[in-house]
Amino acid sequence: MKRVLFILPVIAFAGLAAFLGFGLTQDPKELPSQLIDRPLPEFVLPGITDAPGGGPGLASASFKGEPRLLNVWASWCAACPQEHPVLERIAAEGFPVYGIAWKDKPEDSRAFLARYGDPYSGMGSDFPGRTAIDLGVTGAPETFVVDKKGRVRFKQIGPISPEVWEGQIRPLMQKLRAEA
Amino acid sequence: MLAEIGHFALILTLLVAIAQAVLPMLGAIRGDAALMAFGRSAAALQALLIAISFGCLMTLFGQADFSVKLVANHSALSQPLAYRLAATWGNHEGSMLLWVLVLSIYGAGIAKFGDNLRVTLQARILSVQAMISVAFLAFALFTSNPFERLFPVPLDGAELNPLLQDPGLVFHPPLLYLGYVGFSVTFSFAVAALLEGRADPAWARWMRPWVLAAWVPLTCGITLGSFWAYYELGWGGWWFWDPVENASFMPWLIGTALLHSAIVTEKRGSLAGWTILLAILAFSLSLIGTFLVRSGILTSVHAFAVDPERGVFILAMIIGATGTALALFAARAPMLRSGALFGSISRESGLTFNNLLLMALTAVVFLGTFYPVIMEAVSPTNKISVGPPYYNLVFVPLVAPLLILVTIGPMLSWKRDDLAVLGKKLLVPVAAIAALLAGLVLWLGTAQVVAALGLALGGWLVLGAVLVLVRRWWGAGGFSWRLVRTTPAATVGLVLAHAGLGFTTAGIATMTSFAAEKILVMRPGETAVAGPVSVTMLGAEEVDGANYRALRARFTVSQNGNERALVSERRIYTVSGSQTTEAGIGVSPLGNQYVAIGDVQQDARGQGLVVRIYWHPLVGWIWFGGLLMAMGGAASLADRRFRIGAPQVRSPLAPNLVPAE
C-alpha cells in the first residue's frame, strides 16, 4: 500500500505530460471568432475622402448578394503594407475586398492608399474604433469572409499570405459563390 | 568576432558540462577521489566559460552590433544604453543564456561552498546539476542560438518591446531566474540523496541554505513583477492570475513548503521522503513555468517566443528531469529510513499541516492554469480561460486556515505538545485579535465583515511574529539583553517573513474591499472624484522623449486637504509604433492615488481625454510585505548554523545529536 503512494506522483506526472504534449499540437493563435456563422454586426461608417463627413462610407447592410472580404487595416500597422500586394491580387482575381480603416486618421489612410494602391471596392473609417470592438478585432490586419446572406464565415487574424489565400480563403470564397 | 568568441565559449561549456555530468557520478560510484574532484573544477570552469559567453552577448548589445540577428531584432540605436544592455535578456535567446549562466553560477557555488558536504554527495549533486546544464545548453545552441549572424546588416535595429523598457525589466527576470534555477540545486540534492539512498538531518541542513538562496530572489522577483505590472500596465491591478504569474507563484508555494519541511527533516529527521518530493516538484514547476512561456501552449501577455519546436524540446526536458526523478523517487523513497515519530499536536504536525495546505494551494493554482489545456484536449472547440472568480472562490478558503496556522505553529513544541498548554499560550493573542476584529467591524460596519476579517488576519500574523520575539527575549528570569543578543538570525528571519505575510494580507484585504475607481472623459479645468480622492485636470500637451512621443496630462490631486501634482503619459514608441501608459501615482503609506490617461475621445460635451482615477488603499503594504518576506529569508540565510560544519549524523534516528534551539 505504502509503495503505491510513492508511485502516485510519477503516474500523475505521466498524465500531465500527455496533456502538455497534446497542448503543443494546438495552435494558440487559432482563436475561434464568436462571430462565425452569425450576421455581421451592424455598422454605418463614414468614408475617408476629404469631402465633408468623409464622403461615401461603408455599411454592414451592403454585405448582401455576393460573398465579400472585409479587411480591417490601418496606415500605422506594420504588417499591412506586407499584406497589401495580396489584397491587390485578390481584387484583380475578381473577388471584392472592402476595408475598414481602424483607428486611423482619414488623411493617413488616404496617403497609404495613394502610396500603395487601392484594391478596395469600398472603405469605411472607424477612427473611434467602436466597430472594431463589435467585430472583436484584436489587431490589424484582420479579415472577415462574409457570405451572400451577410454572415461571417471565416476570420483571418494577421495578414493574408499568398498561401492562406490560395489554400484556405479562395476555395472558401468559391464555395460561397456556389452556395444558394 | 565577439559573437564567434561567445558562440565558441558556449560550445565549450556544453563539452565541459557533458564531462561533468558523467565523471563525478562515476567517481562517486567507484569511490575515485580524483574523478569526484574533477566535478568541482569542471563546475568552476563551466561558470567561467558561460560568463565569457554572456559577457560577449552583452557587449554586442552595448555596441549595438546589428550584424548579430538577436541584437538587430531587439535593440535600436535610439534606445538608452541601459535598456540596450537589459535587452540582452529581454528576449528568448538571451534569457536562455542568462538561465544557463545562473545555473552554472549555482553549480560553481556548490563546488565552492560545499566543502563540508559528504564528497560522494557533492559529486553526485554536481553531476545532476551538469545534466540539467547539458539539456539547457543544447537547447540554447540547437534551437535558440543567440549569436546567429544577420546579413545584410541593417542600419538600425527593431526595438525592444516598450513595455519592457523600464527599470523593472532590468531586475525582474534575473531575479525570477535566480529563483527558478536555484531550485535546480535542491532538485540535484534530492536526486543525489535518492541515488545515495540517504536523506538524513545533515543532508537537510546542507540543502536548506540553497532552498533559501532560491526562495529569496524568487520572492523578490514576484514582488517586483507585481509592482511593475501595477505601474506599467496602466490599469492598477497588482495580480492577474495570468498563467505566467501562476508559473512563478507555484514554485514559490512549493518552495515555501520545502523551506518548512526541510526544517523538520533537519531538526527531527522526519519527513525526508516528503522533503525530497517537494524539492523535485519545486524545480519541475519552475521548468513547467519556462515551458508555459516558451511554447505558446497558454496564451499570455508574457509570451515572447511562441514556437512549438522549442516547446517539444522543453517538454522532452521536463519529461527527462521530472519523470526520471519521480521514477527514482518511486523506487528509492520507500527505502529511506523515516525519522523520529511525533505526536498529533507538535511542531512537526503543525509544519506537516502547513505543507498539506501549501500543496493544496499549489494544486488549485495548477488546475486553474492548466484547466484550459486539459479542456481543449477533451473537447477541441472549447477555448476557455480561468479567471479571478475561480481563484477567489477556491484559493481564499484554503489560504485562511494556513494563515491562522502560521502564528500557532511557532508556539508548538517539537515532538509532542499539549492542547491545554497551547490554549494558555493562545489566550492573549486570540483575545487581542478578537478585540481588534470587533473594533474593525464596529468601525467599518457589518457590510465589510470580509475586509475586517482580512485585516484582523493580518494583525494576527504580525502579532504572532512579534510574540516569537517576545518569547525569545523574555526568558524564565524576565527580559534579558543576553537573550536579545543571542537571538539566532534564523529566528529573526522567521519573525520578518511571518510579519511580512501579515502586511501583505492586510494590504490585499483592504485593496479588495475599499479600492475605488472612476473612468471618464475629462477636459482641462474639470474635477472628478473617486473614493476620497479628488482630481483636477490642469492641462495636456505633446512632448518628445528619447525614443518616443507622448501625450502628457497634468493633474492636481487632493485628499483630506493635502494636494499634490501628478503627471500621466501615453507614449508612442517611434520605431515599433507600440503604445504604453505611464500612470501618475501619488504614493503614501496609507494608499496610492493613481491617475492614468487613455485615448482622446468625443463625448456629449466635446473632445476630451479618457482618464482613469483610482484610490488604492494600503496597496503598498502588499509589496512591503513581500519585501519583508524576502528580507526574512535573507536573514535566515545569514544564520551561522549553515556555515559551521554539519554534524555527520550516522543514524537519523538519533535526534539528540542535533543541537536543539
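Read the figures in this text as sums done on the coordinates, not as results from a lab. All of these numbers come straight from a predicted model, not from anything done at the bench. For neighbour counting, all protein chains shown are included, and Cβ atoms are generated from backbone atoms with ideal geometry for every residue, glycine included.
On full extension of the chain, what length is gained from B:A420 through B:V396, given 0.36 nm per residue of separation minus the C-alpha to C-alpha distance?
5.7 nm
Cα centroid distance between the range B:228-279 and the range B:427-480, in Å?
One Cα centre to the other: 26 Å.
Classify chain B from the C-alpha gyration tensor, please: rounded if a/c falls under 1.5, else prolate or oblate depending on whether a/b exceeds b/c.
Here chain B falls in the oblate category.
Just to be sure I understand: of the beta bridges DSSP finds with both ends in the range A:33-178, what percent are antiparallel, rounded to 5?
Antiparallel bridges make up about 55 percent of those DSSP assigns within the range A:33-178.
Which part of the range B:404-437 falls in the paramagnetic zone of B:F479, meaning amide N under 13 Å from the point 7 Å along Cα-to-beta-carbon?
Residues passing the 13 Å test: none.
Explain nothing, just the number: relative contact order of chain B, from Cα pairs under 8 Å at least 6 residues apart, as a whole percent.
Computed over chain B, the figure is 12 percent.
Show me the helices of chain B, taken as full DSSP H stretches, that run 18 Å or more along their long axis by Cα and average 0.5 or above in Kyte-Doolittle hydropathy.
What comes out of the filter, once short or polar helices are dropped, is B:2-30, B:33-62, B:92-113, B:119-143, B:167-196, B:272-295, B:347-378, B:388-408, B:419-444, B:449-473, B:489-514, B:619-637.
If you take the square roots of the eigenvalues of the alpha-carbon gyration tensor of the range B:433-568 and sort them as a ≥ b ≥ c, do you get rounded (a/c under 1.5), prolate (a/b over b/c) or oblate?
prolate
Measure nothing but the geometry: give the 0 to 90° angle between the long axis through the Cα atoms of A:80-92 and the longest principal axis through the Cα atoms of chain A, rounded to 10°.
Taking the Cα atoms of chain A, the angle to A:80-92 is about 70 degrees.
Using a cut-off of under 12 Å, list every residue of the range A:67-111 whose amide N is near the label point 7 Å from the Cα of A:K175 along the Cα-to-beta-carbon line.
Correct set: none at all.
May I ask what percent, to the nearest 5, of DSSP beta bridges between residues of the protein assembly as shown are antiparallel?
Bridges in the protein assembly as shown are about 85 percent antiparallel.
Please work out whether the range A:50-180 counts as rounded, prolate or oblate from its C-alpha gyration tensor, where a ≥ b ≥ c are the square roots of the eigenvalues and a/c under 1.5 means rounded, while otherwise a/b larger than b/c means prolate and anything else oblate?
Since a/c reaches 1.5 and a/b is larger than b/c, the shape of the range A:50-180 is classed as prolate.
What whole-number distance in Å separates the alpha-carbon centres of the range B:505-573 and the range A:92-118?
If we compute the Cα centre of each part, the gap is 37 Å.
For the range B:602-644, report the translational diffusion coefficient in µm²/s to the nearest whole number, using Stokes-Einstein at 25 °C, 0.890 mPa s, and a Kirkwood Rh over Cα pairs.
166 µm²/s
Before rounding to the nearest 500, sum -39500 (n - 2.57) across all DSSP H runs of length at least 4 in chain B and divide by the residue total; then give [θ] at 222 nm in deg cm²/dmol.
Helix contribution divided over all residues of chain B: -21000 deg cm²/dmol.
Report the full-extension gain for the segment B:A316 to B:L538: residue separation times 0.36 nm, less the Cα-Cα distance, to one decimal in nm.
Length gained, B:A316 through B:L538: 74.2 nm.
For the protein assembly as shown, what is the Kirkwood estimate of the hydrodynamic radius, computed as the reciprocal of the mean inverse distance between distinct Cα atoms, to one decimal in Å?
When all Cα pairs of the protein assembly as shown are included, the Kirkwood radius is 30.0 Å.
From the convex hull of the Cα coordinates of the range B:415-494, what is the mean projected area in square nanometres?
For the Cα atoms of the range B:415-494, the hull's average projected area reads 7.2 nm².
For the residue pair B:F113 and A:I133, what label-to-label distance in nm results when each label sits 7 Å from Cα along the Cα-to-beta-carbon direction?
Each label point lies 7 Å from its Cα, and together they span 5.3 nm.
Pull up the cross-link candidates among the lysines for B:K267, meaning alpha carbon to alpha carbon under 24 Å and not fewer than 8 places away within one chain.
Here the lysines satisfying the reach criterion relative to B:K267 are B:K415, B:K425.
Return the subset of A:K149/A:K175; A:K103/A:K148; A:K64/A:K175; A:K155/A:K175; A:K103/A:K149 for which the Cα-Cα distance in this structure is over 20 Å, preserving the input order.
A:K103/A:K148; A:K103/A:K149
For the range B:1-165, report the translational diffusion coefficient in µm²/s to the nearest whole number, using Stokes-Einstein at 4 °C, 1.567 mPa s, and a Kirkwood Rh over Cα pairs.
Answer, rounded: 79 µm²/s.
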